[in-house]
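Beneath this line is the structure, given in structure tokens, with notes to follow.
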Amino acid sequence: MTLEKFSEIVHRCFRCGYCKFTGGKTVDDQWFINCPAFKKWRFETFSPGGKMWLIFAVMNDELEWSESMAKIIYSCTTCGNCMEHCVFNFNEDIIDIFEAAREQLFFQELAPEKFRQFGEHVAREHNPYMEGHKDRLNWLPKDAKISETAEVGYFVGCTASYRQTQIAQDTVKILNRLGVEFQILGEEWCCGSPLIRTGQTKTALELAKHNIEKFEEAGIKQIITSCAGCYRTLKEDYPKKFELTYNFKVLHLTEYLEKNLDKLNFKEALNKTVTYHDPCHLGRHANLYEAPRAILKKFPGIKFMEMKKNRRDATCCGAGGGVKSEFSEWSLEMARDRILEAIEIGAEILVSTCPFCNRNFLDAKREFNLNIEIYDLTELLLKYLI
Ligand code: SF4
Ligand code: SF4
């Protein structure tokens, strides 16, 4: 079990509680609660420092894991706001600690039943959506130009393969228009992100090994993905958490497009106020903030505006860490609140670069009847590109 390797940090955490707040850097800079779990329950145990207390107590045999403690440890979107604001700079270790605690809870069969169910399905069918692996490429347009030998591979991910299929289709069309030769592997399996975030690392490791093997067998030297969760998992978790090596580069689609900005030609002006939501797994988890903004600012006629909480201080969309599956109502409330932040600055369009954020925003827009257009950047690009 990996929690032991963090024992020193768990011990050193001061339980001071500062990491649940952002602000106060200047005299008129307002403090605000950045931890969605603390904001929801307003009980210190749900805050990142409170979770650290629980983990400390279990590691020191003062408490034993229980179902009610599992609820607290799982009520975390892994948004990473706390890791940005730890006064002792424990940073990314905080999320790793929570995920390691979830590993123990899962092992002791205290994790929510839904997680076990989708974990078993991923082991069989390689996706968490209860779909068949044979249907993974059903979204692929018949006229798409896909290579069987190219050194670039498009890693589609499960959400774009089975739910937000528009994003997969639009990514293929954009790459085709730019003349990029690329492969899509029918042997692609779930990247493992939903399993890692919910404590199911054993199965996730098998997925990681499989994906690396298949991409290397296919001679792929560069992976492009349009999913923030897949990006973080392939780029950060495979080498750091699983200590796996591979000989390809991993790029988010926006990084690839930023390097080819001069090839983006637009047929008409956008003429709307647009804002950008930083997906947690692309921003705080992978430090990728500027490429999506550089692409958006290329749209002729665009009025680009930042929300008050942006980049490292961006609010979470509410979908991550297993929260959309286990706490669906709370998840939608978070998406609603983020959309309201966009509406507050007068945005007519809210753009993100993650199928999971896109899905939660669309669900919240429908649920709360909110008046704003929601797009993944791929969809917006395809509407306006020549
Ligand atoms: S990752 Fe986000 S939700 Fe989880 S404890 Fe930290 S701030 Fe709260
Ligand atoms: S993680 Fe850092 S900021 Fe948060 S309670 Fe512990 S020491 Fe304090």
| Can you spot a residue in the stretch 135-144 that is in contact (Cβ under 8 Å) with a residue 40 or more places away in the chain, surrounded by 15 or more Cβ atoms within 10 Å (Cβ to Cβ) and of a type in the set (Phe, Trp, Tyr)? | no
The condition from (1) surrounded by 18 or more Cβ atoms within 10 Å (Cβ to Cβ); (2) away from ligand 1 (no atom under 11 Å from the Cβ) that Phe107 misses is numbered (1)
Out of (1) in contact with a strand residue (DSSP E or B) (Cβ under 9 Å, 6 or more places away or on another chain); (2) more than 10 Å from ligand 2 (Cβ to nearest atom), the one Phe21 does not meet is (2)
Of the candidates Lys51, Lys40, the one satisfying the condition of being modelled with pLDDT of 95 or more, out of contact with any Gly (no Cβ under 6 Å at 6 or more places or on another chain), open to solvent by 70 Å² or more (accessible area, probe 1.4 Å) and within 12 Å of ligand 1 (Cβ to nearest atom) is Lys40
Residue pairs within 6 Å by beta carbon, gap of at least six or interchain, first lying in the stretch 260-289 and on the phi > 0 side of the Ramachandran plot and open to solvent by less than 10 Å² (accessible area, probe 1.4 Å), second in a loop (DSSP other than H, G, I, E, B) and at pLDDT below 95, listed first then second, are none
Scanning the stretch 344-386 residue by residue, those polar (S, T, N, Q) and either over 16 Å from Cys227 (Cβ atoms) or open to solvent by 10 Å² or more (accessible area, probe 1.4 Å) (or both) turn out to be Asn369, Asn371
Within the stretch 306-331, the count of residues that are in contact (Cβ under 8 Å) with a residue 24 or more places away in the chain, open to solvent by 30 Å² or more (accessible area, probe 1.4 Å), more than 16 Å from Asn34 (Cβ to Cβ) and part of a helix (DSSP H, G or I) comes to 3
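Scan Leu350, Leu370, Leu340 and give me the residue that is of a type outside the set (Ser, Thr, Tyr) and assigned to a loop (DSSP other than H, G, I, E, B). Step through it out loud before you land on a result.
On the way: Leu350 fails: assigned to a loop (DSSP other than H, G, I, E, B); Leu340 fails: assigned to a loop (DSSP other than H, G, I, E, B).
Going through Leu350, Leu370, Leu340 in turn, the sole match is Leu370.
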Basic (Lys, Arg) and surrounded by fewer than 24 Cβ atoms within 10 Å (Cβ to Cβ): does that describe Arg197?
no
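Each row is one residue, and each column tells you yes or no for (1) part of a helix (DSSP H, G or I); (2) within 25 Å of the chain's Cα centre (by Cα); (3) closer than 21 Å to Asp337 by Cα; (4) away from ligand 2 (no atom under 11 Å from the Cβ).
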{"residue": "Leu3", "(1), (2), (3), (4)": "yes, yes, no, yes"}
{"residue": "Leu54", "(1), (2), (3), (4)": "yes, no, no, yes"}
{"residue": "Glu62", "(1), (2), (3), (4)": "no, no, no, yes"}
{"residue": "Asn89", "(1), (2), (3), (4)": "no, yes, no, no"}
{"residue": "Phe98", "(1), (2), (3), (4)": "yes, yes, no, no"}
{"residue": "Leu105", "(1), (2), (3), (4)": "yes, yes, no, yes"}
{"residue": "Glu109", "(1), (2), (3), (4)": "no, no, no, yes"}
{"residue": "Arg116", "(1), (2), (3), (4)": "yes, yes, no, yes"}
Picked from the stretch 75-87 (must be among the β-branched types (Val, Ile, Thr) and buried (at least 20 other Cβ atoms within 10 Å of the Cβ)), the residue farthest from ligand 2 (Cβ to nearest atom) is Thr77
Going through the stretch 211-238 in order, the residues found to be under 19 Å from the mean Cα position of the chain (by Cα) and either loosely packed, with under 15 Cβ neighbours inside 10 Å or of a type in the set (D, E, K, R) (or both) are Arg232, Lys235, Glu236, Asp237
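Do we have Trp31 as open to solvent by 80 Å² or more (accessible area, probe 1.4 Å) and either more than 10 Å from ligand 2 (Cβ to nearest atom) or of a type outside the set (Asp, Glu) (or both) here?
Here the answer is yes, as Trp31 does meet what is asked.
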A careful count of residues in the stretch 201-210 that are out of contact with any Cys (no Cβ under 6 Å at 6 or more places or on another chain) and open to solvent by less than 10 Å² (accessible area, probe 1.4 Å) gives 2
Flagged in the stretch 245-259 as under 16 Å from Phe299 (Cβ atoms) and open to solvent by 40 Å² or more (accessible area, probe 1.4 Å), in numbering order, are Glu258
Just to be sure before I move on: is Tyr154 in a helix (DSSP H, G or I) and among the hydroxyl-bearing types (Ser, Thr, Tyr) in the structure I sent? no
Of the residues in the stretch 60-99, those that are aliphatic (A, V, I, L, M) and away from ligand 1 (no atom under 15 Å from the Cβ) come to Leu63
request  = With respect to Ala57, determine if the residue is open to solvent by less than 20 Å² (accessible area, probe 1.4 Å) and more than 10 Å from ligand 1 (Cβ to nearest atom).
outcome  = yes
Scan the stretch 148-159 and give yes if some residue there is of a type in the set (A, V, I, L, M, F, W, C), buried (at least 24 other Cβ atoms within 10 Å of the Cβ) and touching a Leu at 6+ places or on another chain (Cβ under 6 Å), otherwise no.
no
Counting only residues in the stretch 160-194 that are hydroxyl-bearing (Ser, Thr, Tyr) and buried (at least 23 other Cβ atoms within 10 Å of the Cβ), the one farthest from Ile224 (Cα to Cα) is identified as Ser193
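The values are calculated or read from the model by the stated rules, or taken from the named source; none is laboratory data. Small disclaimer: the values here were computed from a predicted structure and weren't measured. Glycine also receives a Cβ, built like all others from the backbone with ideal geometry; neighbour counts cover every protein chain displayed. Heavy atoms of the whole protein, side chains included, go into the accessibility calculation; ligands, DNA and RNA do not. Shrake-Rupley method; radii C 1.70, N 1.55, O 1.52, S 1.80 Å.
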